[in-house]
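A quick write-up on the structure given underneath.
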Amino acid sequence: MMTKTIHYITRKRLPSYNSIEELFLAIRARVKDTYATQWIPLRYTGASPVRILKNICSVKADPANIYHITGDVHYMALAYRKRAILTVHDVDSAFTGSFIKRMYVRLFWFWLPALFVKKITVISEFTKQQLTAIIPSFAHKITVVYNPVNPKILPHIKDFNVTPTILLLGTKSNKNLERSLQAIKDIPCKVVIVGELSATQTRLLATSKISYTHKQNIPFDAIVTCYKQADIVCFPSLYEGFGMPIIEAQATGRVVLSSNIGAMKEIAGTGAHLVDPYSVAAIREGILKIMKDPLYRERLIANGFTNAAKYSLDNTVRSYMRPVSYTHL
């Protein structure tokens with residue numbers, strides 16, 4: 001008999017938000033087989049002290065239930081305290097910006113939440129190492145629970161086009177779009193970019209004379225379609241807590257180019273061509289090798305399928321049920 005309800009606490013959803021919501025909606029769907037669940041989006045967006053206080057004051061914790069703070073709103077630990085599990089997706093915000101901004105983020109997103117919550121999950125060993133450096137006194141609370149491949153992602157076999165479609169996901173500074181575009185310049189291909197383009201990026205596309213399609217604020221189903229239509233997923237990110245596009249592309253059956261640093265190297269395994277993301281030449285050489293070497297390309301795709309299989313939804317849910325765990329909170 002179900003005696004607890006798992007409440008999934010999520011940020012207020014905006015059109016540009018997809019990753020965390022899709023991830024935990026899939027987890028919730030499987031957890032419902034064991035526990036009653038509730039999906040609770042917060043009322044307010046933003047990170048100002050006023051918005052934080054409004055969100056904290058808008059909820060009430062029931063000691064009979066479990067509250068899983070799904071990410072990006074870590075400060076909600078102040079409302080749920082020992083009845084809470086916090087998932088941390090990355091810690092980059094604690095290391096960037098002004099001193100005051102970094103201290104503010106560390107206080108409300110890391111130090112206070114770590115003090116109050118019962119357990120903390122992170123999505124890679126790389127993120128665990130970084131978080132441990134920020135909250136060393138609470139390292140015993142941290143467990144790695146890898147992200148799963150969304151069940152909406154299914155194998156989709158297609159022939160590799162001589163003039164390939166290269167999918168670039170994300171336009172923020174860490175996504176390294178500018179170097180990817182410089183690497184692609186003069187390579188015969190079609191480019192699909194997902195994310196909001198800056199004026200600088202738009203000018204670079206124009207001066208590079210790259211043929212591209214731009215998509216923005218699209219639902220996850222449309223991103224799935226992008227994977228299916230792509231030939232290469234180019235994801236040489238400078239920083240990720242995990243790197244969902246890597247395993248999503250692998251599970252689709254797409255050849256992946258990614259970075260040889262951080263979480264990307266950990267998550268990709270042998271199922272991607274890994275390059276120095278700071279080198280335009282290395283990105284370009286990687287794309288050309290993928291295009292020109294069909295045996296190498298097929299080996300990467302086969303290894304990618306094997307690698308993506310490790311990140312199953314069943315494995316993730318089992319990790320929340322046992323080692324984390326919902327059962328003993």
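The values are calculated or read from the model by the stated rules, or taken from the named source; none is laboratory data. Computed from a predicted model, the values in this text were never measured in an experiment. Backbone-built Cβ (ideal geometry, glycine too); neighbour counts: all protein chains shown. All accessible areas refer to the heavy atoms of the entire protein, side chains included, with ligands and DNA or RNA removed. Shrake-Rupley method; radii C 1.70, N 1.55, O 1.52, S 1.80 Å.
Taking the Cβ-Cβ separation of Ala47 and Asp221 as r and a Förster radius of 35 Å, what is the calculated FRET efficiency to the nearest 0.05? Before the final figure, lay out each step's value.
Values: r = 29 Å, r/R0 = 0.83.
Once the sixth-power term is evaluated, E becomes 0.75.
Go ahead and run the numbers for FRET between Ala281 and Cys57, Cβ-Cβ distance against an R0 of 45 Å, rounding to 0.05.
Working: r = 53 Å, r/R0 = 1.18.
Efficiency, from the Cβ-Cβ distance: 0.25.
Normalising the average separation of contacting C-alpha pairs (under 8 angstrom, six or more residues apart) by the number of residues puts the relative contact order of the stretch 8-118 at 25 percent.
Placing a pseudo-label 7 Å from each Cα along the Cα-to-Cβ vector at Asp186 and Ser137 gives an inter-label distance of 5.7 nm.
Defining a contact as two alpha carbons under 8 Å apart and six or more residues distant in sequence, what relative contact order in percent does the chain show? Numbers along the way, then the final one.
Numbers: 629 pairs, mean separation 51.6, N = 329.
For the chain, the relative contact order is 16 percent.
Looking at the chain as a GNM with Cα springs under 10 Å, which of Thr45, Thr70, Thr202 has the largest mean-square fluctuation? Evaluated over the chain, the most mobile residue of the options is Thr202.
Could you check how much of the accessible area of the stretch 43-96 is carbon and sulfur, as a whole percent, using a 1.4 Å probe?
That fraction is 56 percent.
If the chain linking Leu14 and Ser208 were pulled fully straight, counting 0.36 nm for each residue of separation and taking away their Cα-Cα distance, it would gain 66.6 nm.
Within the chain, helices built from complete DSSP H runs that reach 15 Å or longer along their own axis (Cα positions) and carry a mean Kyte-Doolittle hydropathy of 0.5 or higher are 19-31, 280-292.
Each Lys or Arg adds one and each Asp or Glu takes one away; over the other residues whose Cβ falls under 13 Å from the Cβ of Thr207, this sums to +1.
Quick check: residue separation of Asn161 and Thr200 times 0.36 nm, minus the Cα distance between them. What number comes out in nm?
Values: separation 39, 0.36 × 39 = 14.04 nm, distance 2.97 nm.
In short, 11.1 nm is gained.
Listed options for semi-axes √(5λ) of the Cα gyration tensor in Å are [x] 34, 26, 20; [y] 36, 22, 18; [z] 32, 21, 18. The value calculated from this structure is the one marked [y].
Express the relative contact order of the stretch 60-116 as a whole percentage, based on alpha carbon pairs under 8 Å and six or more residues apart in sequence. Each step should come with its number before you reach the end.
Numbers: 65 pairs, mean separation 21.4, N = 57.
This gives 37 percent for the stretch 60-116.
With a threshold of 28 Å on the Cα-Cα distance, the over-threshold entries among Lys4/Lys265; Lys141/Lys175; Lys128/Lys292; Lys32/Lys310; Lys54/Lys119; Lys82/Lys310 are Lys4/Lys265; Lys141/Lys175; Lys128/Lys292; Lys82/Lys310. Computed extension length for Lys82-Glu178: 30.2 nm, one decimal, from 0.36 nm per residue of separation with the Cα-Cα distance subtracted. Mind giving me the FRET efficiency for Leu295 and Ile40? R0 is 41 Å, r the Cβ-Cβ distance, nearest 0.05 is fine. E between Leu295 and Ile40, to the nearest 0.05, is 0.25. Comparing Lys310, Lys101, Lys175 in a Gaussian network model of the chain where C-alpha atoms under 10 Å apart are linked, the largest mean-square fluctuation is found at Lys101.
Which chymotrypsin sites (Phe, Trp or Tyr not before Pro) does the stretch 117-222 hold that lie in a coil by DSSP with at most 16 other beta carbons within 10 Å?
Details: sites: Phe126, Phe138, Tyr146, Phe160, Tyr212, Phe220; in loops: Tyr146, Phe160.
Here the chymotrypsin sites (Phe, Trp or Tyr not before Pro) that fit, given the DSSP loop and packing criteria, are Phe160.
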